[in-house]
Amino acid sequence: MTKYPDTTHFTGLNAPVNLEWEVEDLPVLGDIPTDIDGAFFRAVPDFPHPPMFEDEIGLSGDGMISKFTIHEGKVGYAIRYVETDRYKLEKDAGRALFGRYRNPFTDDPSIEGRDRTVANTTPVWHAGRLFMTKEDGLGYEIDPETLQTLGRWDYFGSLKSETFTAHPRIDPETGEMFFFGYEAGGLCTDDVAYCIADKDGRLVSEQWFKQPYCSSIHDFVITEKYAIFPIFPTTANIDRLKEGGAHWAHQQELESWVGIMPRYGKVEELRWFKGRPGISAFHMINAFDDGNLIHIDLHVSDTCAFGFMREAGGIDIPQQEIGGGTMRWTIDTASDAETYEERPIGPPGDMPRLRDADQGRRHETAWYMTLNPQGGPPLPGGPVGFAFNALVEIAPDRGGMDLLGLDRGMGLNEPVHVPSRQDGHPGWLLFVVDRQVGEGDHFVSELWIVEAGNISAGPVARVPLPERMRSQVHGTWVPTEQLKQARARASA
Ligand code: V55
Ligand code: FE
């Protein structure tokens with residue numbers, strides 16, 4: 001195409017910005033707590049070229065790595081493209097060469113066999129290295145200071161999997177990173193690689209297993225004892241791809257599964273529990289052990305949240321009519337039950353954020369994005385087609401919740417949590433808020449800082465941005481101490 005399509009993936013909040021820029025000192029409204037000292041990295045897909053096909057979707061945007069640097073109440077900002085093989089090939093050609101979302105059979109023949117990933121989903125920080133990840137390929141290492149792309153990350157050539165999840169889990173005590181790759185053996189294969197990198201960033205374990213069918217395993221969870229793989233019936237099919245069709249189609253009649261194995265165990269120990277047919281979840285909040293029980297908190301919907309995945313499966317349910325909720329699944333490992341219990345723990349929503357220290361442990365609270373019952377209609381835009389307009393804090397064991405609802409014409413992006421150095425202080429949440437100005441396609445964005453235990457009080461500080469911002473997917477917070485340690489190690 002010679003211009004961007006006139007679809008929701010390329011208009012309004014999703015209109016391409018395609019700008020690399022940086023600034024050292026942004027004006028701050030209010031006071032930023034001095035405890036907040038570090039970098040907020042964000043993954044922001046964008047489109048440097050019009051796509052090859054009119055029906056292209058937002059998930060194909062090239063990853064941009066964006067960074068707010070916060071120190072002594074001052075805020076700097078930078079954003080750059082991740083220079084994947086794909087980005088560089090298309091930059092040299094001056095146009096799109098890669099075709100439909102995760103379908104290499106629709107590519108320009110000149111780039112056959114080249115790495116298709118756009119590294120656009122999650123910035124991951126582990127063992128002093130920063131990666132930009134997308135589940136269809138390996139991660140790309142990024143220099144956390146300059147945001148330059150250093151290259152594809154394969155653990156010094158030792159990782160066999162062709163893919164690396166955008167949702168690894170880091171144990172807060174051992175510093176190990178637990179991760180997986182699905183379609184590990186290639187396009188539409190049912191191979192899953194389950195891996196562990198130690199606290200120093202070395203790959204110490206990679207085991208492969210077969211999932212019940214080739215599903216999109218977007219996220220997984222760990223507890224102190226287990227690794228837990230949810231399988232939902234959004235499936236890939238190589239024949240459909242060869243015909244130029246969609247990578248994913250949701251199958252409403254097919255059963256769902258949860259696979260559980262000891263996290264340091266063998267994949268042969270995986271035990272499969274069956275769930276309701278047709279359900280879907282992209283993000284899990286957390287999981288933890290409770291005697292023989294395992295609790296898993298996650299955002300479940302009755303069908304797949306992505307319209308294009310429903311459509312490919314012939315499912316005709318409008319976005320507003322999708323049912324679902326934030327649930328706690330409880331599995332009894334001591335019984336021979338083949339399924340699990342489920343109870344609601346909060347309003348429907350997505351993009352959860354947990355304290356890093358709570359990973360795999362019982363969490364008292366968690367935060368995520370939801371819809372404001374008092375707000376206007378959600379803004380069109382973002383990866384699923386609409387922007388959430390409220391932040392919620394839930395306390396699954398204690399009950400109750402706190403809500404920060406945004407006004408009409410506003411939307412928010414996934415928050416990060418920044419712990420406080422004061423004992424007992426719940427820390428802060430940082431996130432970008434987008435606001436429509438007037439009618440039409442004009443938007444402005446601000447960074448907001450709210451106190452984690454008191455989100456309904458609204459922001460303690462706001463940082464308006466001088467340029468428009470496309471929607472973020474995921475983000476991560478890295479304290480200055482860790483950036484300094486990494487720099488010292490790299491130059492040693
Ligand atoms: C998701 C995001 C993706 C993707 C597949 O949030 C799933 C879910 C930003 O890219 O390719
Ligand atoms: Fe995700």
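Near R114, within a Cβ-to-Cβ distance under 9 Å, what is the net charge of the other residues, with Lys and Arg +1 and Asp and Glu -1? Let's see the in-between values first.
Working: positive: R86, R116; negative: D85, D107, E112, D115.
Around R114, the surrounding residues sum to -2.
Out of all DSSP beta bridges with both ends in the chain, state the antiparallel percent to the nearest 5. Before the final figure, lay out each step's value.
Working: 123 of 123 bridges.
Of all bridge pairs located within the chain, approximately 100 percent are antiparallel.
Pull up the cross-link candidates among the lysines for K242, meaning alpha carbon to alpha carbon under 27 Å and not fewer than 8 places away within one chain.
Within reach: K3, K88, K91, K134, K160, K210.
How long are the three semi-axes of the equivalent ellipsoid of the range 35-191, in whole Å, if each is the root of 5 times an eigenvalue of the C-alpha gyration tensor, listed from largest down?
Details: eigenvalues 149, 87, 30 Å².
In descending order the semi-axes read 27, 21, 12 Å.
Using DSSP to define loop residues, name the GluC sites (Glu not before Pro) in the range 64-154 whose beta-carbon has at most 13 other beta-carbon atoms within 10 Å.
On the way: sites: E72, E83, E90, E112, E135, E141, E145; in loops: E72, E83, E112, E135, E145.
Within the range 64-154, the qualifying GluC sites (Glu not before Pro) (loop, at most 13 other Cβ atoms within 10 Å) are E72, E112.
How long are the semi-axes of the equivalent ellipsoid of the range 1-96, taking √(5λ) for every eigenvalue λ of the Cα gyration tensor, in whole Å from largest down? Walk me through the numbers before you get to the answer.
Working: eigenvalues 204, 43, 20 Å².
Each semi-axis is √(5λ); the values are 32, 15, 10 Å.
Suppose every Lys and Arg Cβ carries +1 and every Asp and Glu Cβ carries -1, with no other charges. What dipole size does the range 1-157 come out with about its Cα centre, to the nearest 20 debye? Write down the numbers at each step before the final one.
Values: 16 positive and 28 negative charges, 66 e Å.
Charge dipole, the range 1-157, about its Cα centre: 320 debye, nearest 20.
Give me Rg/Rg_expected for the range 183-253, where Rg uses Cα atoms only and Rg_expected = 2.2 N^0.38 Å with N residues. Please report the intermediate quantities before stating the final value.
Details: Rg = 14.5 Å, N = 71, 2.2 N^0.38 = 11.1 Å.
With N residues counted in the range 183-253, Rg over 2.2 N^0.38 Å equals 1.31.
Taking the mean number of other Cβ atoms within 10 Å as a proxy for protection, how do you rank 256-264, 427-435 from highest to lowest? Walk me through the intermediate numbers first.
Numbers: 256-264: 18.9, 427-435: 23.2.
In descending order of packing, they fall as 427-435, 256-264.
When a/c reaches 1.5 or more, the comparison of a/b and b/c decides; with that in mind, is the range 117-172 rounded, prolate or oblate per its Cα gyration tensor? Working shown, then result.
Working: a/c = 1.30, a/b = 1.14, b/c = 1.14.
In terms of gyration-tensor shape, rounded.
Give the cross-link partners of K225 among the lysines, using a straight C-alpha distance below 16 Å as the criterion and excluding same-chain residues fewer than 8 apart.
Filter leaves K266.
Taking just the alpha-carbon atoms of the range 17-72, what radius of gyration and Dmax come out, in angstrom?
Cα radius of gyration and Dmax of the range 17-72 are 15.9, 48 Å respectively.
On the first, second and third principal axes, largest extent first, how far apart are the outermost C-alpha atoms of the range 135-257 in Å?
Extents along the principal axes: 43, 36, 23 Å.
Ratio of Rg to Rh for the range 333-423, alpha carbon only, Kirkwood? Walk me through the intermediate numbers first.
Values: Rg = 15.9 Å, Rh = 15.1 Å.
My calculation puts Rg/Rh at 1.05.
For the range 1-60, state which GluC sites (Glu not before Pro) are in a DSSP loop and have at most 10 other beta carbons lying within 10 Å of their beta carbon.
Working: sites: E20, E22, E24, E54, E56; in loops: E20, E24, E54, E56.
Passing both the DSSP loop test and the Cβ count: E24.
Straight-line reach from K74: which lysines have Cα under 19 Å away, leaving out those fewer than 8 places along the same chain?
K484
Quick one: plug the Kirkwood hydrodynamic radius of the range 47-102 (C-alpha pairs) into Stokes-Einstein at 10 °C, 1.306 mPa s, and report D in µm²/s. Walk me through the intermediate numbers first.
Numbers: Rh = 13.0 Å.
For these conditions, the coefficient is 122 µm²/s.
Which of T235, F209, A246 sits closest to the plus end of the dipole of the range 184-276, meaning its Cα is farthest towards the positive end, when Lys and Arg get +1 and Asp and Glu get -1 on the C-beta?
Highest projection toward the positive end goes to F209.
At each listed q (0.20 Å⁻¹), what is the log10 of I(q)/I(0) that the Debye formula gives for the range 214-273 modelled as equal alpha-carbon point scatterers?
Scattering profile of the range 214-273, log10 relative to I(0): -0.79.
Taking a quarter of the surface of the convex hull around the Cα atoms of the range 387-492, what do you get in nm²? Walk me through the numbers on the way to the answer.
Working: hull surface 37.8 nm².
Result: a mean projected hull area of 9.5 nm².
So what's the convex hull volume per residue for the Cα atoms of the range 434-492, in Å³?
152 Å³
Is it possible to state the helix-based mean residue ellipticity at 222 nm for the chain, with each DSSP H run of 4+ residues giving -39500 (n - 2.57), the sum divided by total residues, to the nearest 500 deg cm²/dmol? What is it?
Values: 4 runs with 32 residues, N = 492.
Calculated from helices alone, the mean residue ellipticity at 222 nm is -1500 deg cm²/dmol.
Just how many % of Cα pairs in the chain lie over 31 Å apart, if you round to the nearest whole percent?
40 percent
Given Cβ point charges of +1 (Lys, Arg) and -1 (Asp, Glu) and nothing else, what value in debye, to the nearest 20, does the dipole of the chain about its Cα centre take? List each step's numbers first, then the result.
Working: 46 positive and 75 negative charges, 84 e Å.
Around 400 debye, computed over the chain.
What number do you get for the range 161-219 when its Cα radius of gyration is normalised by 2.2 N^0.38 Å, N = residues?
Values: Rg = 11.7 Å, N = 59, 2.2 N^0.38 = 10.4 Å.
This ratio for the range 161-219 stands at 1.13.
FYI, it's all coordinate maths here, none of it is from the lab. Nothing here was measured: the structure is a model prediction, and the numbers come from that model. Backbone-built Cβ (ideal geometry, glycine too); neighbour counts: all protein chains shown.
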